[in-house]
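Taking it in order: structure first as structure tokens, then the write-up.
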Amino acid sequence: MTTSMLPEMYGSSVGAHVVNTDIENGTMRLKMRVEAEHITTSGVLDEGLVATIADNHTTFLLMSHSLSVQPDQMPISVSICLTVHTMARIAPGTDIEIVCSTPLATSKLKQPQAAAVFVDAHDNRIVYAKVTHSKQFKEVPGYNSKL
């Protein structure tokens, strides 16, 4: 899977690039070089940037996984909770890896869950941010029905 396969969306041009996607197992890995504009005055990743990257990519992952489990249904969902925790200071020029996962992403759940962890690309013991993302599947008459 390449970034070009993702639809153009808000926040998709911040420099995070998809390097690996495993829809069946609900995982996605991205790489990104952190620039000065991605860092707050406190020296941590900007929480809005972290939330946008996590929201865009975990939503794509959750919906793609749902389609792989139940291909005759179009999953429509809304975010009900997205929580961001910044964990460590970071410097401009740092390469990071963003690991998105959907441990509870099954089509039978009405509230699918996802997580994203922002770690140092060279030492994954250094965690810069963590995100949890909860969604609610939304029934839309005539849209969620068989494709």
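Considering only residues that are part of a loop (DSSP other than H, G, I, E, B), aliphatic (A, V, I, L, M) and open to solvent by 40 Å² or more (accessible area, probe 1.4 Å), look in segment 88-119 and name the one that is modelled with the highest pLDDT.
For segment 88-119, the residue satisfying everything is Ala91.
Restricting to segment 25-51, count the residues that are out of contact with any Ser or Thr (no Cβ under 8 Å at 6 or more places or on another chain) and open to solvent by less than 30 Å² (accessible area, probe 1.4 Å).
Counting residues in segment 25-51 that are out of contact with any Ser or Thr (no Cβ under 8 Å at 6 or more places or on another chain) and open to solvent by less than 30 Å² (accessible area, probe 1.4 Å) gives 6.
May I ask you to verify whether His85 is modelled with pLDDT of 95 or more, of a type outside the set (S, T, N, Q) and over 19 Å from Arg33 (Cα atoms)?
Spelling it out, His85 is indeed modelled with pLDDT of 95 or more, of a type outside the set (S, T, N, Q) and over 19 Å from Arg33 (Cα atoms).
Got at least one residue in segment 120-129 being aromatic (Phe, Trp, Tyr), open to solvent by less than 40 Å² (accessible area, probe 1.4 Å), in a strand (DSSP E or B) and modelled with pLDDT under 90?
Within segment 120-129 (the criterion being aromatic (Phe, Trp, Tyr), open to solvent by less than 40 Å² (accessible area, probe 1.4 Å), in a strand (DSSP E or B) and modelled with pLDDT under 90), the answer is no, since none of the residues qualifies.
For segment 8-24: of the residues being at pLDDT 85 or above and open to solvent by 40 Å² or more (accessible area, probe 1.4 Å), which is nearest to Ser64 (Cα to Cα)?
Looking at the filtered set, the residue picked out is Asp22.
The values are calculated or read from the model by the stated rules, or taken from the named source; none is laboratory data. Everything quoted here is computed from the prediction, not taken from an experiment. Cβ atoms come from the backbone with ideal geometry, glycine included; neighbour counts cover every protein chain shown. Heavy atoms of the whole protein, side chains included, go into the accessibility calculation; ligands, DNA and RNA do not. Shrake-Rupley method; radii C 1.70, N 1.55, O 1.52, S 1.80 Å.
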